[in-house]
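Trainee: One structure coming up, written as C-alpha cells, with questions to follow.
The values are calculated or read from the model by the stated rules, or taken from the named source; none is laboratory data. Please read these numbers as outputs of a predicted model, since none were measured by experiment. Don't worry about glycine lacking a Cβ; one is built from the backbone with ideal geometry, like all the others, and counts go over all protein chains shown. Surface areas here come from the heavy atoms of the whole protein model, side chains and all, with no ligands, DNA or RNA. Shrake-Rupley method; radii C 1.70, N 1.55, O 1.52, S 1.80 Å.
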Amino acid sequence: MENVTTLCRAAVAICVLLTWNTVASAQSAPPDNPPSNAASSMSMDPPLPGDHWSYEVHDSITGALKSTITFTITDVTPAELAIRAEALGNPNYGYFVYDHFWNVIKTPVWKYSPNDGSGIKLPLNSGSTWKFQNDQVNVQHGASFRRSGTSKVVAQESVTTGAGTFDTFKIETSVNIRNVNDPTRTDSSTTTMWYAPSIDHWVKQTLESKSNGHVALSTSVELVDYGRR
C-alpha cells in the first residue's frame, strides 16, 4: 500500500498522480501488452465507474522507469469520485477520493480540506489563473501542514504519448507547504500538467519537489493506455 501511495502522489497530483505524499510525506516494468487506442474517439465525460487511465512513472533525475500505475473509477457521486490505484506487479491497492475537478480530497495517508487544489478550474482558457489554500493532515499520525498555491493555464498544446495524440491545456501549479508544528521547515513543489478534455484526465505531468530549497524529487508521468468499461 505504501508503495502505491507514494507513486500515485506524483502521478495526481502528479500527476496525478510520483508521490501522493511529496516532500511532506518524508517528514512523516512497462505493461505486458501494447497500449490500446480503441477509446481515442470516445468521450469520457461525464466520468463513469470503470473508466481507467494507465501511466508510466519515470524518475527524471535518473531516467529510470519507477512504475506503471492504473487509476480506475470505482464509484461516482454528485460531489466525489472514488478511485482505485494499482501498480504493476504490486498486489496491493490504494484508494483515493477526488472531486469532479480532479482535486484530491483523501488518500490512504492524507486528508485535504477542502481539497489539495491540484485539479482544474473551468472554464479553461489560455491565461486563466486561480489560487488555492488548504490544510493537509496525515490520517495515520496527525502531522499537519498548511498549503497555498497558484495554477495557471500557460498554453494549449498537442501532446503525443504512448496512448495517442491529444489536444491539451498546459497547466503550471506552484505550491508552498508549511509544517504547522515546525514553521521553520518549508517545502515547495512545481507541477506541470497537460490536461485533455476529451478523456477528462491528464495525459502527461512533471513534478519537482524541494525541501528547504533542495530538490528532493523530480518525476515525469505519461499516459500509456485508457478506456471506458
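Trainee: Mind checking the per residue accessible area of segment 135-229 for me, 1.4 Å probe, whole number of Å²?
Mentor: Numbers: 4240 Å² over 95 residues.
That works out to 45 Å² per residue.
Trainee: With a/c under 1.5 counting as rounded, go ahead and sort segment 57-102 into rounded, prolate or oblate using the C-alpha gyration tensor (a ≥ b ≥ c being the square roots of the eigenvalues; past the cut-off, prolate if a/b is larger than b/c, else oblate).
Mentor: Oblate, since a/c reaches 1.5 and b/c is not below a/b.
Trainee: Here's another thing I want to ask about it. Sort out for me the Cα centre separation of segment 155-196 from segment 124-141, rounded to whole Å.
Mentor: Each part's Cα centre sits 11 Å from the other's.
Trainee: Further question on the same structure: Can you give the local net charge around Val137? Use residues other than it whose beta-carbon is closer than 12 angstrom to its beta-carbon, Lys and Arg +1, Asp and Glu -1.
Mentor: Once all neighbours under 12 Å are counted, the net charge is +2.
Trainee: Rank-order 132-145, 104-117, 204-217 by packing density, defined as the average count of other C-beta atoms within 10 Å over each peptide's residues, highest first.
Mentor: 104-117, 204-217, 132-145
Trainee: Sort segment 84-127 into rounded, prolate or oblate with this rule: let a ≥ b ≥ c be the square roots of the eigenvalues of the Cα gyration tensor; rounded if a/c is under 1.5, and if a/c is not under 1.5, prolate when a/b is larger than b/c, oblate otherwise.
Mentor: It comes out oblate by the Cα gyration axes.
Trainee: For segment 52-211, which whole percent of the accessible surface, found with a 1.4 angstrom probe, sits on carbon and sulfur atoms?
Mentor: On the way: 3440 of 7170 Å².
The computed percentage sits at 48.
Trainee: log10 I(q)/I(0), Debye, Cα-only segment 81-176, no solvent, q = 0.10, 0.12, 0.25 Å⁻¹?
Mentor: Ignoring solvent entirely, the Cα scatterers give -0.35, -0.50, -1.21.
Trainee: How big is the C-alpha Rg of segment 128-229 next to the rule-of-thumb value 2.2 N^0.38 Å, as a ratio?
Mentor: Relative to the 2.2 N^0.38 Å estimate, segment 128-229 comes out at 1.26.
Trainee: For the residue pair Val137 and Thr74, what label-to-label distance in nm results when each label sits 7 Å from Cα along the Cα-to-beta-carbon direction?
Mentor: 2.3
Trainee: Another one. With charges only on Cβ, +1 for K and R and -1 for D and E, what is the dipole size of segment 72-229 about its Cα centre, in debye, rounded to 20?
Mentor: Taking the Cα centre of segment 72-229 as origin, the dipole is about 340 debye.
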